[in-house]
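These notes concern the structure reproduced below.
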Amino acid sequence: MNQTAPKRALRSEVPVEQTWNLADLFESREAWQASLKETIKLFEGLSIYKGRSCESGKTLFTAMQDLEKAYEAIILLGNYIMMLQASDRTNPESQEDGMVFGGVETQAMTLTTFLDSELIALSDEAFEALFKAEPKLEAYRLYLQDKFDKKKHMLSPETEEALAGLGELTNSPFNIYMTSKATDMVFDSFKDETGNEVPNSFAMFEGKYEFSPNPVVRKNAYDSFTKTLSQYKNTYATVYAAEVRKEVALSRIRGYESVTDMLLEPQKVSRQMYENQINIIYKELAPHMRRFAKLKQKQFGLEKMNFWDLKAPIDAGVDPAATYDSIRDTIINAVAVMGEEYQSIIKRAYDERWIDYCDNVGKSTGAFCASPYGSHPYVLISYSDNMRSAFTLAHELGHAAHFVYTNREQGIFDTEVSTYFVEAPSTINEMLLSQYLMNNSETPEMKRWVILQILGTYYHNFVTHMLEAEFQRRVYELAEQDMPLTAQTLCDTKLAVIREFWGDAVEVDEAAGMTWMRQPHYYMGLYPYTYSAGLTASTAVAQQINEQGQPAVEKWIEVLKSGGSKTPEGLLKVVGVDMSTPEPINKVVGYVGDLITELEQLFA
């Protein structure tokens, strides 16, 4: 007899202990609305500096202090409404408040464009004279220097103000994508191996069914999932094409050599570092991952390895518990090497409800950590009771620990870390969790299982996100040639990237070409490749911690405290990792290859 599984819960039906405590930001919607009114007054008050912000070092210092207060207020407001929307995009109040905030944020940014314009109008000598006249201005040196260095790409004050005024419109592609994905997409239920009807959703497919040990569940869930994707591909292609065209147009207007150069500038890394990361991993990791796919195929007893089988777990002979509650102590023990303060941050995240781990209708897929300055971090995840979710949670808690240190030690303008580096503090938690599990593995079966978990981390960052990065690179090349970015073009491009990587080791069906529709990363600049950059760095640092102990830990904590006060290269040189060369990338690719070889031997 067929049975129907329960439907996904509405947000109102979720137990409060499974949700995050946003009252630490604002007690109520009314409190948020009141703060919004006060915050716009702070930005309007900056007008007293218009035309005179750089007349003296003292005036600029005072202006920066007032700007700092305004930024602190708007960051709390923005994070609050963003998290409300991420937890339930079907909530009409949150949708309304998000639109209101978007208008206020655009107004705020428009009101501050004069500061940038007046700053870049200075000569080099006049810029330096401000700091000599007012030594306290050095507190804002990095922020002001970054602004000043962009003068060759800045437009007239009037044009900059007009572009800032279009803020809501320029963010529309991302907002449309996220809202549609969370609220409009409805997936057909499907039959599992027993004939029962089970529900499907973005979160369920990506967090549960892709990892199912049962081939019937994997195939039927994949068919249900891609059927719905196909219904949206033309709409999403139009939305994504608008995002890419916007970026290309801005890069041309501002005089950059390419859109890639424009998007790399805020990351503070060279074009070569970007190219190295993609080229080496895409080419050199592929043979190792093909071996991994063939090993899986053999263990599953499949005639062929299909695309929807790639994330299926190999039976290692053990399956330790990995519920949300049971994994808490495991993660805390795994990061013990980082010290009591670091551990206490993880404990607080659990005890003080920093984590939203339920699954409900309208909740954003994937996982993230928000780190509002002036408060504590918040983690969003739809936790499935498996070890992949445990690693994802450890990952996000790595972000949380990083920004507890950074926000405490740095001023608000020096907390923003390059996306090139930002995934290192998160993935190091995954490395520490892997090492802890390995050190506590007493049987070949357990060792086999741990290696599979480690490879899950590398798969996520070095395969899933790296294939995104290669796809993204090709899309920008097409856009700069003014080629039309239709749904067919995007699907064909993604399909080519996947098939080139897997070769004849995996049967990649046509529906796999729609994989580009699954991630919001394409609306975040050159973000996808940074996952591999972060994991490359964290692998090297984790090995140092394992070999050197406390001295390596102290250096890494120093890096976490530094925030955005150094470039990514500068941060990593503190721990002796030189990402300007291919060496760390080649080394980590070799390490992944060794893991797969060891796994082959254990199964043999």
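The values are calculated or read from the model by the stated rules, or taken from the named source; none is laboratory data. Here the structure is a predicted model, which is why all the values come from computation and not from measurement. Methodologically, a virtual Cβ is constructed for each residue, glycine included, from the backbone with ideal geometry; neighbour enumeration extends over all protein chains shown. Just the protein is used for accessible areas: all its heavy atoms, side chains included, with ligands, DNA and RNA removed. Shrake-Rupley method; radii C 1.70, N 1.55, O 1.52, S 1.80 Å.
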Kindly indicate which of 432, 437 is under 20 Å from residue 329 (Cα atoms), over 23 Å from the mean Cα position of the chain (by Cα) and in contact (Cβ under 8 Å) with a residue 12 or more places away in the chain.
437
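Each row is one residue, and each column tells you yes or no for (1) modelled with pLDDT of 90 or more; (2) surrounded by 16 or more Cβ atoms within 10 Å (Cβ to Cβ); (3) more than 19 Å from the chain's Cα centre (by Cα).
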| position | (1), (2), (3) |
| --- | --- |
| 160 | no, yes, yes |
| 187 | yes, yes, yes |
| 191 | yes, no, yes |
| 195 | yes, no, yes |
| 198 | yes, yes, yes |
| 202 | no, yes, no |
Within segment 260-275, is even one residue of a type in the set (A, V, I, L, M, F, W, C), surrounded by fewer than 17 Cβ atoms within 10 Å (Cβ to Cβ) and more than 28 Å from residue 590 (Cβ to Cβ)?
no
Conditions (1) within 18 Å of residue 329 (Cβ to Cβ); (2) surrounded by fewer than 24 Cβ atoms within 10 Å (Cβ to Cβ); (3) among the polar types (S, T, N, Q) -> residue 415 fails only (1)
Here are 245, 218: which of them is open to solvent by 50 Å² or more (accessible area, probe 1.4 Å), of a type in the set (Lys, Arg) and either at pLDDT 90 or above or in a loop (DSSP other than H, G, I, E, B) (or both)?
245
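So, residue 442, is that one outside any helix (DSSP H, G or I) and surrounded by fewer than 17 Cβ atoms within 10 Å (Cβ to Cβ) or not?
Spelling it out, residue 442 is indeed outside any helix (DSSP H, G or I) and surrounded by fewer than 17 Cβ atoms within 10 Å (Cβ to Cβ).
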Is one or more of the residues making up segment 57-77 more than 29 Å from the chain's Cα centre (by Cα), touching a residue at least 24 places away in the same chain (Cβ under 8 Å) and not in a helix (DSSP H, G or I)?
no
Which condition number does residue 489 fail, the rest of (1) β-branched (Val, Ile, Thr); (2) surrounded by 21 or more Cβ atoms within 10 Å (Cβ to Cβ); (3) modelled with pLDDT of 95 or more; (4) more than 24 Å from the chain's Cα centre (by Cα) being met?
(2)
For residues that are touching a Phe, Trp or Tyr at 6+ places or on another chain (Cβ under 7 Å) and among the hydroxyl-bearing types (Ser, Thr, Tyr), scanning just segment 405-459, find the one that is farthest from residue 543 (Cα to Cα).
415
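Collect the residues in segment 505-514 that are touching a residue at least 40 places away in the same chain (Cβ under 8 Å) and open to solvent by 20 Å² or more (accessible area, probe 1.4 Å), keeping them in residue-number order.
507, 509, 511
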So residue 234, is it over 21 Å from the mean Cα position of the chain (by Cα), part of a loop (DSSP other than H, G, I, E, B) and of a type in the set (S, T, N, Q)
no
Could you give every pair whose Cβ atoms fall below 8 Å, whose first residue belongs to segment 195-208 and is on the phi > 0 side of the Ramachandran plot, and whose second residue is in a loop (DSSP other than H, G, I, E, B) and open to solvent by 30 Å² or more (accessible area, probe 1.4 Å), counting only separations of at least 6 or pairs across chains?
195/2
Based on what the data block shows, is residue 93 surrounded by fewer than 19 Cβ atoms within 10 Å (Cβ to Cβ) and either in a helix (DSSP H, G or I) or touching a helix residue (DSSP H, G or I) at 6+ places or on another chain (Cβ under 9 Å) (or both)?
yes
Residue, farthest from residue 180 (Cα to Cα), within segment 364-387, restricted to residues that are more than 15 Å from the chain's Cα centre (by Cα) and surrounded by fewer than 22 Cβ atoms within 10 Å (Cβ to Cβ)
374
Before we move on, is residue 534 crowded, with 20+ Cβ neighbours inside 10 Å and under 29 Å from residue 249 (Cα atoms)?
no
Please tell me if residue 304 is at pLDDT below 95, under 18 Å from residue 498 (Cα atoms) and either touching a strand residue (DSSP E or B) at 6+ places or on another chain (Cβ under 7 Å) or assigned to a helix (DSSP H, G or I) (or both).
yes
Any hit, segment 37-44, residues being among the acidic types (Asp, Glu) and surrounded by 20 or more Cβ atoms within 10 Å (Cβ to Cβ)
no
Give me the pairs, please: first residue somewhere in segment 138-155 and within 10 Å of residue 119 (Cβ to Cβ) and surrounded by 16 or more Cβ atoms within 10 Å (Cβ to Cβ), second residue anywhere and among the hydroxyl-bearing types (Ser, Thr, Tyr) and modelled with pLDDT of 90 or more, beta-carbon distance under 9 Å, and either six or more positions apart or on two chains.
154/117
